[in-house]
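Here is the structure we will look at, set down as structure tokens.
Laboratory data are not the source of any read-out in this text; all were calculated from the coordinates shown. Please read these numbers as outputs of a predicted model, since none were measured by experiment. Cβ coordinates were reconstructed from backbone atoms using ideal geometry, including for glycine residues, and neighbour counts include every protein chain displayed.
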């Protein structure tokens, strides 16, 4: 009797476990909740990225494997000769490290070694596994391993796997007409999550590289979404707020702000705020990871009129309404420059105190104290001291210093010293360290290599006094190009 009770309990537990597993496994709604909303199944990676065979050298690859604690960092196997490739024979060429094989095959077959590293993790987890099975190593890239049949022994072994996969993707791009999935054609996946009982999903590969990924792994989520997440994790750069980014070959410049990407819709909107020499050229995937923010449509200090007739002065992300025509006249701005806008246009701008007829220097001015020679940035009723002349040739290079009337500066309330804006690169004359200003913090680069690989330029570094640098609290180090 006791035995039957135990068996019933075991059966009930098993039934509940299987039911729960089925519920979690087969529910697209549950799975969809874990999907990155930035994932675009139509565009996973660019053609340029998959073909960038020079993105890493052999030492870079070895360092990457060591950083990830990969078994491959210390793994060696024989390379293959042409005779070895004709049958299922084991490779008989000279021994090579995994890093040597990845680099050698990437160069020989014109495929990005970063792509191969992601493929090794996606297929067999070899990048982050410190103790893989022999089977994982033998079928490292999943080449010759169809979903519903046994692997082909001809392609067994690390060297053959990496070589064959790189050649296969090269052929996908060179001869796309020979394969099932093609760029610009819409396909319906009846099991987009790689399970059963899912709602169908339509996918139209936007480029050859994305089509190639579907040819290699014909699943949206249990395959290509994994590739996307790994590419993001390993090789997509994180840029701090204040960075100006542009995808190579595209015209749009983006501002990274509050973790979003904000496009400039006109050259004037960009150049009235920033130096275009500080734009960093990046890969498309570096931009794609950021959610889209509000576009930046108007030039700095634009005058705009709402549908209600209120005229505003736009400064950065704020709008200041004019309390009267006299207030507008006193700014010296030409009323003919007023642009009619919609409420939606105004929505991204935070409304602050209006400009009145008694407001002084509504767009800001540089005033020099006739007694001390010190220069202040004056706006409305405040004066901010300028602690370093470097501000006059950088932040305020378009403004002329005006000599203040006797006693004029005494009328204004003293504000905090002038600081540089987010996105500026700073160093002091007494130290070689370079900092990026982001969210009011100074973030140090840990090496010149990191600085250069992220696309920053040495001629954009501003040398300021240590007193100015000390205005910023220390932020998180910028220590790695990738996540």
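Report, in whole Å, the centroid distance computed from the Cα atoms of segment 246-264 and segment 435-475.
21 Å
Please report the relative contact order for segment 275-389, taking Cα pairs under 8 Å with a sequence separation of at least 6, and give it as a percent rounded to a whole number.
Normalised by residue count, the contact order of segment 275-389 is 19 percent.
Could you give the alpha-carbon Rg of segment 338-438 over 2.2 N^0.38 Å, rounded to two decimals?
Here the Cα radius of gyration is 1.33 times the empirical estimate.
Enter the angle in degrees (range 0 to 90, nearest 10) between the Cα long axis of helix 58-67 and the first principal axis of the Cα atoms of the chain, meaning the one along which they spread out most.
90 degrees
Between residue 360 and residue 461, what is the FRET efficiency for a Förster distance of 45 Å, r being their Cβ-Cβ separation, to the nearest 0.05?
0.80
At a threshold of 8 angstrom on Cα-Cα distance, excluding pairs fewer than six apart, so keeping six or more, what relative contact order does segment 302-355 reach in percent?
45 percent
Could you calculate the FRET efficiency of residue 250 with residue 431 from 1/(1 + (r/R0)^6), where r is the beta carbon distance between them and R0 is 30 Å, rounded to 0.05?
Plugging the Cβ-Cβ distance into 1/(1 + (r/R0)^6) gives 0.20.
Run the simple label-point estimate for residue 353 and residue 148 please: 7 Å along Cα→C-beta, distance reported in nm.
Distance between label points: 7.4 nm.
How high is the FRET efficiency from residue 66 to residue 95, r the C-beta distance, R0 25 Å, rounded to 0.05?
0.85
Under a plain spin-label model, where a point goes 7 Å from the Cα along Cα-to-Cβ, how far apart in nm are residue 135 and residue 37?
Rounded to a tenth, the inter-label distance reads 4.0 nm.
Does anyone have the angle between helix 226-235 and the longest principal axis of the chain? Alpha-carbon axes, 0 to 90°, nearest 10?
Helix 226-235 sits roughly 50 degrees off the main axis of the chain.
Test of understanding: ordering 35, 296 by Cβ neighbours within 10 Å, fewest first, what list do you get?
In order of increasing Cβ crowding within 10 Å: 35, 296.
Send over the semi-axes of segment 31-234's equivalent ellipsoid, whole angstrom and largest first, taken as the square roots of 5 times the C-alpha gyration tensor eigenvalues.
Ellipsoid half-lengths, sorted descending, are 28, 18, 17 Å.
When a/c reaches 1.5 or more, the comparison of a/b and b/c decides; with that in mind, is segment 256-405 rounded, prolate or oblate per its Cα gyration tensor?
oblate
Given the rule -39500 (n - 2.57) for each run of at least 4 DSSP H residues, summed and divided by the residues of the chain, what is its mean residue ellipticity at 222 nm, to the nearest 500 deg cm²/dmol?
-8500 deg cm²/dmol
Once the convex hull of the C-alpha atoms of segment 302-355 is built, how many Å³ does it hold per residue, rounded to a whole number?
Taking the convex hull of the Cα positions in segment 302-355, it is 71 Å³ per residue.
If Rh is defined by the Kirkwood formula over all Cα pairs and Rg also comes from Cα, what ratio Rg/Rh do you get for the chain?
1.10
Nearest 5 percent is fine: what portion of the DSSP beta bridges confined to the chain is antiparallel?
About 60 percent, rounded to the nearest 5.
Quick one: helix 98-109 against the long Cα principal axis of the chain, what's the angle to the nearest 10°, folded into 0 to 90?
80 degrees
Under a plain spin-label model, where a point goes 7 Å from the Cα along Cα-to-Cβ, how far apart in nm are residue 180 and residue 411?
Modelled inter-label distance: 7.8 nm.
So what is the relative contact order for the chain, in percent, with contacts set as C-alpha pairs under 8 Å and at least six apart?
Relative CO of the chain lands at 10 percent.
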